[in-house]
Each structure stands twice: as structure tokens, then as C-alpha cells.
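Written below as C-alpha cells is the structure these notes are about.
Each value in this text was obtained by applying a stated rule to the coordinates, not by laboratory testing. Since this is a predicted model, take the numbers as computed values, not measurements. Virtual Cβ from ideal backbone geometry, glycine too; neighbours counted across all protein chains shown.
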Amino acid sequence: MMRYKWIDIARGLAMLMVIIGHVSGSEPAFQAGQNFLFLGNLPIFFFFSGLLYRPKPLGERIKTNFNTLILLYIVFALLILAYEWPAVKFGHASWSLTGTLLGALWAGGNNSTMPAGMMSLGAVWFFVALGLATIVFSCVQALVAKLPDHWRIITLVVISLGLFGLGLLAPAVTP
């Protein structure tokens, strides 16, 4: 497949917006800029990534996601656990290794939404969320591909609005 530099540049700029938005933290001086960055960074990234999307069989998509996203998540989770172990073992950490391990298995990104004392591993939850979203998208795409041409767009819009509405009505505490 041919690479389009302008798409890679747009995706890179969107990811820089994500990074800058997270790094700026909750400093009041950065709040307006942070709100602007968070307004469109991921939609921009996903829009340009969608331009590169090519359908694959579901088994191949799952294998690709595991190799590129889930393995990376597991490596980061293990590194975070190894980093936190001395703080828990020898220091006075306010969390437990069990809570952190359970949090790694849950893969949520925010301690305030983690159930039963689980600890978030931070932004690495995104690897799991992206993998799940790609699999859901692939399933929807396979379902819609079987429909007549005139029903594809309508079905995609209805499914998209339904998932969006579900997200608004019942915000997830999982990836």
C-alpha cells in the first residue's frame, strides 16, 4: 500500500495535540489551550487513520491488534508494575500491587472510574481501547458490507449515532 505523507503528517500533528494536552496538566494558564487541543485531537487522528483503513478478515484483524496493541500494553503494564514494586515493597505507597495488577487487567485510564480499589496504569489504557474499537469497527464493517449499496450509509449512520448515544447515556468505566 502506498504511503501518503500528508496523512502521516496530519496524524502526527493530532498525536502531538494529544501529548501536549496531557502534558500541560491542570495548570490554569494552559486550560484554554488544553480545552482547544482536546476538542479535536482524537477525532482528527481517527478521521485520517480511517482514510487508510483496509478491511481484513476478523481473525487477521484480531491477530494484528494483539501483535501491535495488546502486546505493547502488556509490556508497558509490566514495566509500570516493575517500577512501582519497590515503592510498594520498601516505601509507603498509597496503592497496592494487587490493586495495580487488577487495574492492569481492567485497563481503565482514570483512578476515579476504577472499581474496587483498582489502580489505573495511566494513558496506556488507550492501546486496549484502540484494539477493541478496531475490532468492533471491523465487525460493523463486515456486517454493513453485506448490505445493498443504498443501505450502507444509512446503517452506518444509525449504528454510529446509537453507539454515540449509548456513550452519552452510560459512560463506560472500561476501555
Just to be sure I understand the model, the point goes 7 Å from the Cα along the line to the Cβ. What's the resulting Leu72 to Arg152 distance in nm?
2.9 nm
What is the packing order of peptides 78-88, 156-166, taking the mean over residues of other C-beta atoms within 10 Å and listing the highest first?
78-88, 156-166
Taking neighbour Cβ counts within 10 Å as the exposure measure, how do Leu101, Leu143 sort from fewest upward?
Leu143, Leu101
Reach of Lys56 by Cα under 24 Å, taken over lysines that are not fewer than 8 positions away in the same chain:
Lys5, Lys146
Would you kindly derive the ³J(HN,Hα) couplings of region 6-11 from the backbone phi angles with the Karplus curve 6.51 cos²θ - 1.76 cosθ + 1.60 (θ = phi - 60°), listing them in order in whole Hz, with x for Gly and Pro?
5, 6, 4, 5, 4, 5
What are the ³J(HN,Hα) values, in whole Hz, obtained from phi via the Karplus relation 6.51 cos²θ - 1.76 cosθ + 1.60 with θ = phi - 60°, for each residue of region 41-46 in sequence order, with x given for Gly and Pro?
4, 6, x, 5, 4, 5
